[in-house]
1. Just the residues that are touching a strand residue (DSSP E or B) at 6+ places or on another chain (Cβ under 8 Å), small (Gly, Ala, Ser) and either assigned to a helix (DSSP H, G or I) or free of Cβ contacts under 8 Å to residues at least 40 places away in the same chain (or both), please, taken from the range 360-386.
2. Does residue 374 satisfy being in contact with a Leu (Cβ under 6 Å, 6 or more places away or on another chain), assigned by TED's automatic domain parsing to the domain that holds residue 276 and closer than 30 Å to residue 239 by Cα?
3. For the range 223-235, does any single residue satisfy the condition of being surrounded by 18 or more Cβ atoms within 10 Å (Cβ to Cβ), assigned to a loop (DSSP other than H, G, I, E, B) and in the same structural domain as residue 303 (by TED's automatic domain parsing)?
4. Would you pick out the residues in the range 127-164 that are aliphatic (A, V, I, L, M), over 29 Å from residue 429 (Cα atoms) and either not in a strand (DSSP E or B) or not assigned by TED's automatic domain parsing to the domain that holds residue 184 (or both)?
5. From the set of residues in the range 292-347 that are of a type in the set (S, T, N, Q) and surrounded by fewer than 24 Cβ atoms within 10 Å (Cβ to Cβ), which is farthest from residue 205 (Cα to Cα)?
6. Within the range 369-376, is even one residue more than 18 Å from the chain's Cα centre (by Cα) and either charged (D, E, K, R) or surrounded by 24 or more Cβ atoms within 10 Å (Cβ to Cβ) (or both)?
7. Looking only at the range 67-78, decide whether some residue is over 14 Å from residue 430 (Cβ atoms) and over 18 Å from the mean Cα position of the chain (by Cα).
Amino acid sequence: MAATALDSRTTLLRGGRVIDPASGLDATGDVLLAGGRVQSISTMPGTIAAGAGIEVLECEGLIVCPGLIDPHVHLREPGGEHKETIATGVAAAAAGGFTTVCCMPNTSPCLDNAALVAFVHQRAAVAGRTRVFVAGAATEGRKGERLAPMASMAAEGAVAFTDDGDGIESASMMQKVLATCASVGKVFMQHAQERTLSAGGVMHAGAVSARLGLGGWPSVAEELMVERDVRLNRGIRARYHVQHVSSGGTVDILRRARAMGEPVSGEASPHHLLLTDEACDGFDTNAKMNPPLRPRADVDALLAGVADGSIDVLATDHAPHSADEKALDFSSAPFGIIGLESALALYVKALVASGAIDWPRLVALLTINPARLLGLDSIGLGALGEGGPADLTVIDPALEWTIRAAAFRSKSRNCPFEGVAVRGKATAAFVAGRRVL
């Protein structure tokens, strides 16, 4: 999708730590934006003159990097506008420093045809702010019974396919989906959930669920589907991606597959990197996730998987729900939390402050890696290079703040991190040279 048509300014970002994992750049420097593109980058601060009409943004002590990309968000439109709209969703994305998002197809109606892909693009163009791309449904109505018209959706601009919210149960259908994704050159993103094992489950199956008397959902329900898909894909070699990995066993499967050179990847979300199933104690529905929060051993395995590259993408799975819906009892309340506006600081807390990875690696997980996953690197997104799109995020890594859902731009407030003190925040963001934060 093209960026908003609003005019961009000529802007000089001066004296920041410029990090571009795509090129390996990590140096103090200046970046000049003009005409919606990166006009020049200098690693000798002060060598780019700030002429008349140039807006100067002083970035000493700040990180200047490619615009952050979230490959897994729920914008709820059409059909769920009481939870979120495309307009409020992209406002939340910009507030969190994200310049590009990819929305999921589990709307009502489902995004399973080219006309609905076009609808999202049109609504996003009206909303402005961030770029919005679409992951189309792999099967009609996400029912897993008949293939959706993936070729026509890809021609309309769909960048990925998924039945997110549901895993594809039939191995035969999964084989057809993988083959079709391979033929159209798009990634398939799997919501890994074996239904017969997770039926009735509302949280991780373990000591906490037993104590609370809640239905359990075992890790093997995720692992079995991933193992099956990896085997099915060996002869097809479509790009295969596991969404919101929650199980240490899944990390092991991805690690082995990647070591064998198979085209697989996985993503981790902030809540699965920081919270355990103990967060469900007290029946807090803001801790009800899909997939569920797991024990500490799984969290540690995810952190190790990010550190060693077995998991190479970070994604929020931003899932807005109304206060009335989340006020239901734990078994009845919907799964999911919002994440766009708190994600960056939570990633810093889980991964950088803990010493698991450094800032350049974190930036890669949020920029060039998701861009490559979605094929957006082909249009210059995810990288910071002269002549490329002027999509940038400026981050203050030392800024301390407290997460308050009431201040979010999102329509919803379902956040389990309310009141948590964090460090690190996006202070500016540009899309095609236009400042959106």
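1. Result: 371, 380.
2. On the way: in contact with a Leu (Cβ under 6 Å, 6 or more places away or on another chain): no; assigned by TED's automatic domain parsing to the domain that holds residue 276: yes; closer than 30 Å to residue 239 by Cα: yes.
Against the criterion (in contact with a Leu (Cβ under 6 Å, 6 or more places away or on another chain), assigned by TED's automatic domain parsing to the domain that holds residue 276 and closer than 30 Å to residue 239 by Cα), residue 374 does not qualify.
3. No, the range 223-235 contains no residue that is surrounded by 18 or more Cβ atoms within 10 Å (Cβ to Cβ), assigned to a loop (DSSP other than H, G, I, E, B) and in the same structural domain as residue 303 (by TED's automatic domain parsing).
4. Once the filter is applied, which keeps residues that are aliphatic (A, V, I, L, M), over 29 Å from residue 429 (Cα atoms) and either not in a strand (DSSP E or B) or not assigned by TED's automatic domain parsing to the domain that holds residue 184 (or both), the range 127-164 yields 137, 138, 148, 150, 151, 153, 155.
5. 322
6. Checking the range 369-376: not a single residue is more than 18 Å from the chain's Cα centre (by Cα) and either charged (D, E, K, R) or surrounded by 24 or more Cβ atoms within 10 Å (Cβ to Cβ) (or both).
7. Among the residues of the range 67-78, at least one is over 14 Å from residue 430 (Cβ atoms) and over 18 Å from the mean Cα position of the chain (by Cα), which makes the answer yes.
Here is a yes/no grid of residues against (1) without any contact (Cβ under 8 Å) to a residue 24 or more places away in the chain; (2) aromatic (Phe, Trp, Tyr); (3) outside any loop (DSSP other than H, G, I, E, B); (4) surrounded by fewer than 23 Cβ atoms within 10 Å (Cβ to Cβ):
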site: 31; (1), (2), (3), (4): no, no, yes, no
site: 38; (1), (2), (3), (4): no, no, yes, no
site: 53; (1), (2), (3), (4): no, no, no, yes
site: 84; (1), (2), (3), (4): no, no, no, no
site: 94; (1), (2), (3), (4): no, no, yes, no
site: 110; (1), (2), (3), (4): no, no, no, yes
site: 116; (1), (2), (3), (4): no, no, yes, yes
site: 121; (1), (2), (3), (4): no, no, yes, yes
site: 124; (1), (2), (3), (4): no, no, yes, no
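The values are calculated or read from the model by the stated rules, or taken from the named source; none is laboratory data. Here the structure is a predicted model, which means the values were calculated and not measured. Note that each Cβ is placed from the backbone with ideal geometry, even for glycine, and that neighbours are counted across all protein chains shown.
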